[in-house]
Amino acid sequence: MPDIPTTLTVTQLNRRARQLLETHFPLVWVEGEVSNFSRPGSGHWYFTLKDEQAQVRCAMFANRNAHVRFSPEHGNHVLARCRVSLYEGRGDFQLIVEHLEEAGFGALQRQFDALKQRLHAEGLFNDFHKQPLPTQPQRLGIITSPTGAALKDILSVLKRRFPAIAVRVYPALVQGKAAAAQIAAAIELANDDNYCDVLIVGRGGGSIEDLWPFNEEIVARAIYRSRIPIVSAVGHEIDFTISDFVADYRAPTPSAAAEVLSPDGNKLLDQLRGYEKLLCETISRRLQSTSQRLDSLTRQLRDPGERLKQQEQQLQALQARLVRTTWGQHQQLDMHLQHLRARLEQAGPGYRIDYLSDSLNLLTQRLERAIDTLLEQKKIRWHNALQLLNAVSPLKTLERGYAIVTDQQHNILRGVATVQIGDSVTTRLANGSLECKVDKIFPDSQS
C-alpha cells in the first residue's frame, strides 16, 4: 500500500475512502424499505434504504433502472444488488444499485427458477413424457376450488359448447400453505378412480403468492406421475407456473382449457345438418334412379305367351344343334377307337415277347463276355499279388539262411539287451524250429 502523506485534502481523503470501499466490497444484496425516493430529470434514481435500526443512501443510474420491472414508491420493501461506494462531493456513504426487485417477489422468483432448473434437469419437462389429449373426451375431471371463479368459467364454457360431457369435480384448495398437498392428493384420487379421460388442474388469476401452490414440487411430481392426461390452466395468459411445464398441455386460462377439450356443439350441429341434407339428397337420387329403372323394366316386360313361344323356338334350335354335335362326336370317337385298335394290334403280346427275347439274348451274350473279361483280369491281378507276397514273405527270408528268435512269450527278439544268460528262446528256421538256451551273450561292439 503506498505511503499516505501526513496531510490529505478532503478530496484526497474521500477518493481514497471510495477506492477502499469499492475495492474491498464485492457486489452485495441488501434488503430494506424505500424512503425519500426521487426521480430527477437526469433519469437517475436516488432513495434511501432503511430498516428498524439504520439507513443508507442509494443511487441507481438511468442505464440500470431502465430494466426494473416495477416503479418503486415510498414504503416498498425491495431487494437491491449493489456496490458499496462513497460520494466524494459530500463524503456520503452510499450504495450504487445495479439491480432492484420487490423483496417478496424476488425470493419467490429465485425459488421458482431453482426448482424449474432442477426439474428440467431430471427430465420432467421432456416432450416424450407428455400424453396426447383425447380428441373428444367423454368424462372430464376438474381439480380446483369448488367455490372459485375458475370452476364457474369452465362449466360455463362446457355448457355453451358441449354440455354432453360428464364432469367430475375433485375439490382442493388452490391458495395457501395447505393447497399444494390437497392438489397433489386430488390428482392421485382422480387416477385411483380412473373415471376421467382428461383432467384440468388450475385456478383463476392472482399474484405470484396466490399462484404459488402450482409452483410446489409435490404438485409437479403428482402431475408427472398421472396416468391421465392433465391440462394445466393456472392464472392468466401471462402467468407461468411449474405445473404448466410438467403438464401434458398448458392452457392460458381455465376457460381456454375448456375450449380446448370440448368440441364446438354448434359446429357439430352444423355438420349434422350438412350430413342430413347430404343423406336426403342421396336418398332422393337413389329413389329417382330406382323409379327410372322400374319404368324401363316395365317397358321391357312382354306377354308370357310370346316369351314361351320364343323360348320353344330356342329349345328346338338347341335340340337340333345337340343332335348334330352328338353325331359329330360319335364319328370322332369311332375313328379314334379304330386308331387305338390298330395300335393295340401292333403292341400285342407276341410282338412284344419276340422283341424282348431278342433283347434278352443280346444282353446275355454281352454279360457272358463281360464276366469272362473280368475273370481274366482278376486272375492276372491275383497272380501278380501272389508273386509280390512271396517276394516279401518271411519264409523266403528263412530259406536264405536267416532265423527268427522269440522268447517264451513269443515276442520277437530284436537285440541282446532283452535276453539274459540262462533264458530259453525259440529259433524259427525255414523247415522247423529249435528250442535253445542262452549260454553266452556277445554284444555287438558297435551298439
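Comparing mean-square fluctuations of I200, I154, I353 from a GNM of the chain with C-alpha springs under 10 Å, the top value falls on I353.
DSSP beta bridges fully contained in the chain are about 65 percent antiparallel.
The phi torsions of segment 37-53, fed into the Karplus equation with coefficients 6.51, -1.76 and 1.60 and a -60° offset, translate into couplings of 6, 9, 9, x, x, 5, x, 6, 10, 10, 7, 10, 9, 9, 10, 5, 10 Hz, rounded to whole numbers, with Gly and Pro shown as x. D by Stokes-Einstein for segment 126-176, Kirkwood Rh over Cα pairs, 20 °C, 1.002 mPa s: 170 µm²/s.
For the pair K309 and D192, the difference between a 0.36 nm per residue extended length and the Cα-Cα distance amounts to 33.9 nm.
Pairwise Cα separations in segment 107-249 fall into 5 Å bins from 0 onward with the following percentages, short to long: 2, 10, 21, 24, 22, 13, 6, 2, 0, 0.
Considering only protein heavy atoms and a 1.4 Å probe, what is the carbon-and-sulfur percentage of the accessible area of the chain? Here it works out to 55 percent.
How many percent of Cα pairs in segment 27-135 exceed 20 Å? Value for segment 27-135 (Cα pairs over 20 Å): 50 percent. Solvent-accessible area per residue in segment 79-141 equals 55 Å², computed with a 1.4 angstrom probe and all protein chains kept. Extent along the principal axes, Cα only, for the chain: 149, 135, 44 Å, with the longest axis given first. Once the Cα atoms are used to define both axes, helix 103-122 deviates from the longest principal axis of the chain by about 0 degrees.
Against the chain, whose longest principal axis is taken from its Cα atoms, helix 265-300 shows a tilt of about 40°.
Annotation: lysines with alpha-carbon distance below 29 angstrom to K277 (same-chain offsets under eight excluded): K159, K267. Per the helix-only calculation at 222 nm, which mean residue ellipticity applies to the chain, given -39500 (n - 2.57) for every DSSP H run of n ≥ 4 and division by its residues, nearest 500 deg cm²/dmol? For the chain, the value works out to -16500 deg cm²/dmol.
Ranked from largest, the principal axis spans of the Cα set of segment 305-447 equal 142, 43, 27 Å.
Normalised by the number of residues in segment 155-237, the mean separation of alpha-carbon contacts (under 8 Å, six or more apart) gives a relative contact order of 34 percent.
Only Cα pairs under 8 Å and 6+ residues apart enter the sum, and on that basis the relative contact order of the chain stands at 8 percent. Hull volume per residue, based on the alpha-carbon atoms of segment 352-405 and their convex hull, is 70 Å³. Given the C-alpha centroids of segment 314-381 and segment 101-155, what is the distance between them in whole angstrom? Here the answer is 97 Å between Cα centres. For segment 49-104, trypsin sites (Lys or Arg not before Pro) meeting the loop criterion (DSSP other than H, G, I, E, B) and having at most 10 other Cβ atoms within 10 Å: R69, R90. All C-alpha to C-alpha distances of segment 42-103, sorted into 5 Å bins beginning at zero, yield P(r) values of 4, 16, 30, 27, 15, 6, 1 percent in whole numbers.
Heavy atoms of the protein chains alone define the surface here; on that basis segment 1-52 has 76 Å² accessible area per residue at 1.4 Å probe size. Ignoring solvent entirely, what values of log10 I(q)/I(0) come out of the Debye formula for segment 6-80 at 0.17, 0.21, 0.24, 0.25 Å⁻¹ when each Cα is a single scatterer? For segment 6-80, the Cα-only Debye profile gives -0.80, -1.04, -1.16, -1.19. Can you give the angle from 0 to 90° between the axis of helix 149-161 and the longest principal axis of the chain, with both taken from C-alpha atoms, to the nearest 10? Value to nearest ten degrees: 60. Taking every alpha-carbon pair under 8 Å whose residues sit at least 6 apart, segment 315-433 reaches a relative contact order of 16 percent.
Identify which of Q313, Q109, Q365 has the largest mean-square fluctuation in a Gaussian network model of the chain, with springs joining Cα atoms closer than 10 Å. Largest GNM mean-square fluctuation: Q365.
The values are calculated or read from the model by the stated rules, or taken from the named source; none is laboratory data. Note that the structure is predicted; figures quoted are calculated from it, not measured. Neighbour counts are summed over all protein chains in view; Cβ atoms, including those assigned to glycine, are modelled from backbone coordinates with ideal geometry. Areas reflect the complete protein model, heavy atoms only, side chains present, ligands, DNA and RNA absent. Shrake-Rupley method; radii C 1.70, N 1.55, O 1.52, S 1.80 Å.
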